[in-house]
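The structure appears right after this line, and notes come after that.
The values are calculated or read from the model by the stated rules, or taken from the named source; none is laboratory data. Because the structure is a prediction, the values reported are computed rather than measured. Please note: Cβ atoms are built from the backbone with ideal geometry, for glycine as well, and neighbour counts cover all protein chains shown. Protein only, heavy atoms only, side chains kept; ligands, DNA and RNA dropped before computing areas. Shrake-Rupley method; radii C 1.70, N 1.55, O 1.52, S 1.80 Å.
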Amino acid sequence: MNDIKTDTSVLNTPERSYKGQDRVFSGVQPSGTLHLGNYLGALKKFVKMQDQMECLFCIVDLHAITVWQDPKLLRQQTHEITAAYLASGVDPKKAIVYNQSRVRAHTELAWYFNCVARLGWLNRMTQFKDKAGKNSERMSVGLYDYPVLQAADILAFKATHVPVGEDQRQHLELSRDIAAKFNHDFDAPDFFPLPEALVQGPGAKILSLRDGSKKMSKSDPSDNSRINLTDSADDIAKKFKKAKTDAGVIPETVKEMEGRLEVKNLVGIFAALTERTDQDILTEYAGQGFGVFKPALADVAVEKLEPITNLMRRYLADPDELDRILAAAADRATEIAEPILADVRKTIGFSGA
Ligand code: AQP
């Protein structure tokens with residue numbers, strides 16, 4: 001295990017301290033096993049960004065409990081996401097990798113933002129509607145309030161950039177609205193930056209393998225709808241084999257994929273995994289049936305994911321080391337957030353602030 005142990009002391013070096021520079025924040029919920037959508041839409045981007053800006057990559061356990069999480073599993077799931085971050089190439093010497101519940105600033109700022117955000121804004125959030133379906137009356141208040149906590153996550157660090165999948169675009173708009181309203185209400189222009197969603201690039205919206213009208217999701221009841229980062233090579237091959245397509249063949253041009261959501265999705269996954277364009281993939285496979293294309297896609301996915309899965313297993317074999325990484329990074333995150341929260345309290349006008 002020694003070769004994968006990590007030294008987190010570098011996080012405290014002065015040259016990485018906050019001096020008003022650009023800063024990245026993003027998070028993943030420990031609400032189940034990570035899938036290919038999380039990997040391509042989030043983790044892969046994180047690895048690129050850690051060399052460009054100061055980054056905080058959070059395991060958002062406070063978000064996860066907006067729906068029921070078994071307390072016996074939550075710690076393990078948190079470790080799994082941490083292991084997935086590290087195995088994907090997120091380096092805790094470069095990025096601050098911690099779990100949200102260790103840093104009090106998230107919940108404190110979320111309360112202040114609850115008093116800034118408007119009900120009408122939250123009523124428009126489509127993710128709540130999608131997740132709640134017809135049962136909105138029975139959902140937790142936390143699930144409804146999720147995007148306000150998300151705004152607090154980002155702005156507790158005055159983060160300027162947020163790499164996310166397409167599904168989070170609307171929430172990011174809300175974060176900007178909250179930041180702008182806070183700045184306006186308290187006559188503190190520029191107090192909070194208006195954070196930018198970084199959604200571009202391949203893999204921003206990976207769809208379910210069973211239903212092209214839905215995104216790939218941890219909480220989809222069908223395991224065949226997603227490729228998990230922990231799936232074996234056999235599972236991956238079987239799931240792609242069963243993936244919904246149509247009776248056609250691989251077309252020659254991107255335009256010809258219009259209206260063929262599931263086909264576009266598989267071609268997009270191939271392109272994102274191999275860092276090629278959709279057109280490149282079409283040029284190589286044009287005219288081929290899915291009997292040829294799907295096994296080739298499975299091979300590529302196994303080649304990319306197997307090393308990550310193996311490394312994840314090695315990290316997970318040492319949960320104390322994962323906790324040490326999370327604890328050190330949480331201290332660093334608190335150091336960044338505390339002065340910002342102190343300013344927020346003063347700006348609001350609390351006695352004793
Ligand atoms: N299908 C996807 N395609 C591309 N990006 C995706 N992301 C999620 N699904 C896709 C991105 O992964 C990051 C972490 O997501 P999350 O764990 O916070 O939760 P989520 O977006 O709600 O993902 P799931 O899998 O659908 O979780 P459940 O089912 O638990 O709600 C985010 O950047 C997200 O955009």
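Rounding to the nearest 20 debye, state how big the charge dipole of the chain is about its Cα centre with +1 on each Lys and Arg Cβ and -1 on each Asp and Glu Cβ. Working shown, then result.
On the way: 46 positive and 49 negative charges, 137 e Å.
For this selection, approximately 660 debye.
Taking the Cβ of A87 as the centre, find all other residues whose Cβ is under 9 Å away and add up their charges (Lys, Arg: +1; Asp, Glu: -1). Display every interim value, and only then the final one.
Details: positive: R313, R314; negative: none.
Computed value for this residue: +2.
Where does segment 223-314 land on Rg(C-alpha)/(2.2 N^0.38 Å)? Write down the numbers at each step before the final one.
Details: Rg = 13.3 Å, N = 92, 2.2 N^0.38 = 12.3 Å.
Normalised by 2.2 N^0.38 Å, the Cα Rg of segment 223-314 equals 1.09.
Taking the mean number of other Cβ atoms within 10 Å as a proxy for protection, how do you rank 278-290, 153-165 from highest to lowest? Write out the running numbers ahead of the final one.
On the way: 278-290: 15.7, 153-165: 23.4.
Result, highest mean Cβ count within 10 Å first: 153-165, 278-290.
What fraction of the DSSP beta bridges in the chain is antiparallel, stated in percent and rounded to the nearest 5? Please list the in-between numbers first.
Details: 2 of 16 bridges.
Around 10 percent of the beta bridges assigned by DSSP in the chain are antiparallel ones.
Restricting to DSSP H runs of at least four residues, report the calculated mean residue ellipticity at 222 nm for the chain, -39500 (n - 2.57) per run over all residues, nearest 500 deg cm²/dmol.
Numbers: 13 runs with 171 residues, N = 353.
Result for the chain: -15500 deg cm²/dmol, rounded to the nearest 500.
Where a ≥ b ≥ c are the square roots of the eigenvalues of the C-alpha gyration tensor, would you call segment 286-353 rounded, which needs a/c under 1.5, or, failing that, prolate if a/b is larger than b/c, or oblate?
Numbers: a/c = 7.50, a/b = 2.25, b/c = 3.33.
Since a/c reaches 1.5 but b/c is at least a/b, the shape of segment 286-353 is classed as oblate.
K134: which lysines have alpha carbons under 23 Å from its alpha carbon, excluding same-chain residues fewer than 8 sequence positions away?
K214, K215, K218
For the chain, what is the accessible area per residue in Å², given a 1.4 Å probe and the full set of protein chains?
Numbers: 16220 Å² over 353 residues.
Accessible area per residue: 46 Å².
Between L73 and W111, take the C-beta separation as r, use R0 = 22 Å, and let me know the FRET efficiency to the nearest 0.05.
Values: r = 28 Å, r/R0 = 1.26.
The formula returns an efficiency of 0.20 here.
Bin width 10 Å, alpha-carbon pairs only: give the P(r) of the chain as whole percents, running from 0 to the bin holding the largest distance.
5, 24, 31, 24, 12, 3, 0, 0
Against the longest principal axis of the chain, how steep is helix 233-242, in degrees 0 to 90 to the nearest 10, with axes from Cα atoms?
70
Return the distance in nm (one decimal) between the two label points of a simple spin-label model at A286 and R124, each offset 7 Å from Cα along Cα→Cβ.
4.3
Taking the simple approach of a point 7 Å from Cα along Cα-to-Cβ for both E173 and V254, what is their distance in nm?
Output for this residue pair reads 2.3 nm.
Which residue, chosen from M125, T107, P189, occupies the Cα position most advanced towards the positive end of the dipole of the chain, where the dipole is computed from +1 (Lys, Arg) and -1 (Asp, Glu) charges on Cβ about the Cα centre?
About the Cα centre, the residue reaching furthest to the positive side is M125.
Name the residue from I348, T309, T274 whose Cα lies farthest towards the positive end of the charge dipole of segment 263-353, charges +1 on Cβ of Lys and Arg and -1 on Cβ of Asp and Glu.
The residue sitting most towards the positive pole is I348.
How high is the relative contact order of segment 223-314, in percent, with contacts defined as C-alpha pairs under 8 Å that are six or more residues apart?
Details: 86 pairs, mean separation 33.8, N = 92.
37 percent.
Give or take rounding to whole Å, what are the principal axis extents of the alpha carbon atoms in segment 107-153, in descending order?
Largest to smallest, the principal-axis extents are 30, 18, 15 Å.
List residues of segment 239-273, by number, whose backbone nitrogen lies under 20 Å from a label position 7 Å along Cα→C-beta of S222.
So the set is 239-248, 259-270.
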